[in-house]
Amino acid sequence: MPGLGTLSINPGRAEADFLNTVIKAPSPRIAFDSKENDAQNLLDFIAANTNRNIVETIEKLDSFCNGLKAATIANNPAFVEGLGNFFTDSSGKINFTSIQLPAAYLQPVKAERVIHPQAEHAILVGDKETTNTVMNEYFSEEMPVKKKRWWIGAIVLAVLALLSILFYLNNNAALTAMAGNAMPI
């Protein structure tokens, strides 16, 4: 903008919201820089869209920019429809505040995660990098199942303990005393 500076669009960044499975739209902002850039592309665009020649376009744009500059120097904020406010700060420097875009332009987009089970990708296991295919093969290998036969040992020990008790009682007089026949006939 001749005599004022340069307006440029900062596109902003989209944000992923994995919890709600959406991607939030980027929020573009219009930035103002007091340094002027070449306005030839702007002039060509305005001339083409208003069906005016380049000289008329230069005069109209200079008139518009001088009006904005005069308003801001007089400490009157100048609002430009669709862009924002031009104003001067306490040091007399011209600043700009961009308007917010309507929320209808910034709607989030539904984004659901797609899992391709046949696709191979790198994964980190501990401190070693491998692929999902290698890990699937590792976990799908048939491991020999050790059968739990602890109860066989317990039965053998119980039978041995019972036999040793019967042998002890059979060979000692304690068996006859226990049965109530303490005196031989």
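The values are calculated or read from the model by the stated rules, or taken from the named source; none is laboratory data. All figures in this text were calculated on a predicted structure; none of them were measured in a lab. All Cβ positions, glycine included, derive from the backbone under ideal geometry; neighbour counts span all protein chains shown. Heavy atoms of the whole protein, side chains included, go into the accessibility calculation; ligands, DNA and RNA do not. Shrake-Rupley method; radii C 1.70, N 1.55, O 1.52, S 1.80 Å.
Scanning the range 75-94 for residues that are surrounded by fewer than 11 Cβ atoms within 10 Å (Cβ to Cβ) and either closer than 30 Å to residue 14 by Cβ or not basic (Lys, Arg) (or both) yields 75, 81, 82, 89, 90, 91, 92. Among (1) over 30 Å from residue 5 (Cα atoms); (2) open to solvent by 80 Å² or more (accessible area, probe 1.4 Å); (3) assigned to a loop (DSSP other than H, G, I, E, B); (4) modelled with pLDDT of 80 or more, which single condition is residue 147 missing? Going through (1) over 30 Å from residue 5 (Cα atoms); (2) open to solvent by 80 Å² or more (accessible area, probe 1.4 Å); (3) assigned to a loop (DSSP other than H, G, I, E, B); (4) modelled with pLDDT of 80 or more one by one, residue 147 breaks only (4). Of all positions in the range 14-37, none carries a residue that is over 17 Å from residue 109 (Cα atoms), outside any helix (DSSP H, G or I) and without any contact (Cβ under 8 Å) to a residue 24 or more places away in the chain. From the residues in the range 95-111 that are farther than 18 Å from residue 13 by Cβ and among the polar types (S, T, N, Q), which one is most open to solvent (accessible area, probe 1.4 Å)? Result: 97.
Scanning for something more than 30 Å from residue 83 (Cβ to Cβ), β-branched (Val, Ile, Thr), open to solvent by less than 70 Å² (accessible area, probe 1.4 Å) and modelled with pLDDT under 85, does the range 164-176 turn up at least one residue? The answer is no; no qualifying residue exists. Within the range 30-44, the set of residues being open to solvent by less than 70 Å² (accessible area, probe 1.4 Å) and of a type in the set (Asp, Glu) is empty. Residues in the range 18-25: is at least one open to solvent by less than 60 Å² (accessible area, probe 1.4 Å) and farther than 20 Å from residue 82 by Cβ? Among the residues of the range 18-25, at least one is open to solvent by less than 60 Å² (accessible area, probe 1.4 Å) and farther than 20 Å from residue 82 by Cβ, which makes the answer yes. Among residues of the range 75-103 that are closer than 18 Å to residue 3 by Cβ, those with a Cβ under 6 angstrom from a residue that is exposed (fewer than 15 other Cβ atoms within 10 Å of the Cβ) and of a type in the set (D, E, K, R), sequence gap 6+ or separate chain, pair up as 95/89. Within the bounds of the range 65-74, is there any residue that is in a loop (DSSP other than H, G, I, E, B), of a type in the set (Gly, Ala, Ser) and loosely packed, with under 13 Cβ neighbours inside 10 Å? Yes, some residue in the range 65-74 is in a loop (DSSP other than H, G, I, E, B), of a type in the set (Gly, Ala, Ser) and loosely packed, with under 13 Cβ neighbours inside 10 Å.
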